[in-house]
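Shown next, in structure tokens, is the structure this report addresses.
The values are calculated or read from the model by the stated rules, or taken from the named source; none is laboratory data. Note that the structure is predicted; figures quoted are calculated from it, not measured. In this analysis, Cβ positions are derived from the backbone assuming ideal geometry, glycine residues included, and neighbour counts consider all displayed protein chains. Accessible surface areas use protein heavy atoms only, side chains included; no ligands, DNA or RNA. Shrake-Rupley method; radii C 1.70, N 1.55, O 1.52, S 1.80 Å.
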Amino acid sequence: MRSVEASLRRLGTDHIDLYQTHGWDGRTPWEETLRALDDLVRAGKVRYVGASNLTSWQLTRALATSERLGLERFVSHQIQYSLAAREVEWELLPMAEAEGVGVMVWSPLAGGLLSGHQERGAAPPSGTRRAVGWFEPVDPERTFDTIEVLRKIAAERRVSPAQVALRWALDGRGVTSVVIGARNERQLTDNLAATTWSLTAEERADLDAVSAPPLPYPYWHQDYCDADRVRESEGE
Ligand SMILES: NC(=O)c1ccc[n+]([C@@H]2O[C@H](COP(=O)([O-])OP(=O)(O)OC[C@H]3O[C@@H](n4cnc5c(N)ncnc54)[C@H](OP(=O)(O)O)[C@@H]3O)[C@@H](O)[C@H]2O)c1
């Protein structure tokens, strides 16, 4: 409550449109957190509440708790998603779609790496965020293979690789919006231009193929069984 009051003072406003929790708090029962958030909405200080960085079962339990107690439910989930981080496709994106929760993507350029500013095997250029120790883990081989495809599409389309990566994230199934980061006005203008054009199905398929991480269990098993069902339904 004190934090929200302080935010309202700093922002010079009387309400916050979307108030998002930053991560998992394993020490506080959902009932308590959700009652506090509900009180803020009832008091008119917050319009909607969202979550960030939760696992699928944590968010599902929060939604069930809201439903059970008649409290405000999370309307959005802010999660990491990019061509270098596609794990949310296995669980968090389908779950959000099934539960009617909006998804806001953070780090759509993997902290700048997908702008193509860094060569394979070389250090990040000085002055960039990655050069000062951005911690986001990526698979280096797969990511630099992906950057090659990004650069190729960007050159053919006469746009920046960053725009191609943002366009891919914007079109992700279950993605509502992309939270962009920009260090200067040029980057901001460039990033906004990603909303003005579309990838072809072939370009998207090329990006999907080169950036796909290996499927862990039980996703590979479900994929395998689904493939069986498709074969059966086709009479093979
Ligand atoms: N919920 C969470 O836990 C969480 C976590 C992280 C971020 N976020 C939110 O998500 C926002 C976006 O994340 P992010 O900043 O990591 O996004 P990002 O798009 O992955 O990285 C942004 C960085 O990429 C570079 N860049 C951006 N546009 C570019 C362009 N057009 N051309 C070349 N380089 C470009 C800039 O760094 P350089 O120029 O220095 O390379 C910029 O600082 C953050 O501002 C924050 O609000 C939330």
Counting only residues that are more than 13 Å from the ligand (Cβ to nearest atom) and not in a helix (DSSP H, G or I), which one in region 124-145 is modelled with the lowest pLDDT? PRO137
Neighbours by Cβ (under 8 Å, 6+ apart or cross-chain): first from region 81-101, at pLDDT 95 or above; second among the aromatic types (Phe, Trp, Tyr) and in a helix (DSSP H, G or I): LEU83/TRP168; TRP90/TYR219
Would a scan of region 77-98 turn up a residue that is over 17 Å from PRO213 (Cα atoms) and in a loop (DSSP other than H, G, I, E, B)? no
Only one of (1) closer than 23 Å to VAL179 by Cβ; (2) open to solvent by 60 Å² or more (accessible area, probe 1.4 Å) is not met by GLN80, so which one is it? (2)
If VAL230 passes every condition in (1) within 23 Å of ILE79 (Cα to Cα); (2) modelled with pLDDT under 95 but one, which one does it miss? (1)
For the condition under 27 Å from VAL175 (Cβ atoms), of a type in the set (A, V, I, L, M, F, W, C) and in a helix (DSSP H, G or I), what is the one hit in LEU37, LEU8? LEU37
Of these, ARG204, ARG173, ARG142, ARG120, which one is over 29 Å from GLU91 (Cα atoms) and either open to solvent by 40 Å² or more (accessible area, probe 1.4 Å) or more than 20 Å from the chain's Cα centre (by Cα) (or both)? ARG120
Collect the residues in region 11-30 that are open to solvent by 70 Å² or more (accessible area, probe 1.4 Å) and either in contact with a Ser or Thr (Cβ under 6 Å, 6 or more places away or on another chain) or not in a loop (DSSP other than H, G, I, E, B) (or both), keeping them in residue-number order. LEU11, ASP17, HIS22
Would you call GLU91 away from the ligand (no atom under 16 Å from the Cβ), over 20 Å from GLU31 (Cβ atoms) and open to solvent by 60 Å² or more (accessible area, probe 1.4 Å)? yes
Hey, among the residues in region 42-76 that are within 15 Å of the ligand (Cβ to nearest atom) and in a helix (DSSP H, G or I), which one's surrounded by the fewest Cβ atoms within 10 Å (Cβ to Cβ)? GLN58
Result of the Cβ filter at 8 Å on region 131-150, keeping first residues that are at positive phi and partners that are surrounded by 15 or more Cβ atoms within 10 Å (Cβ to Cβ) and of a type in the set (A, V, I, L, M, F, W, C), at least 6 apart or interchain, is none
Selected residue (only one of GLU148, GLU185 is surrounded by fewer than 17 Cβ atoms within 10 Å (Cβ to Cβ), within 15 Å of the ligand (Cβ to nearest atom), acidic (Asp, Glu) and over 22 Å from GLN78 (Cα atoms)): GLU185
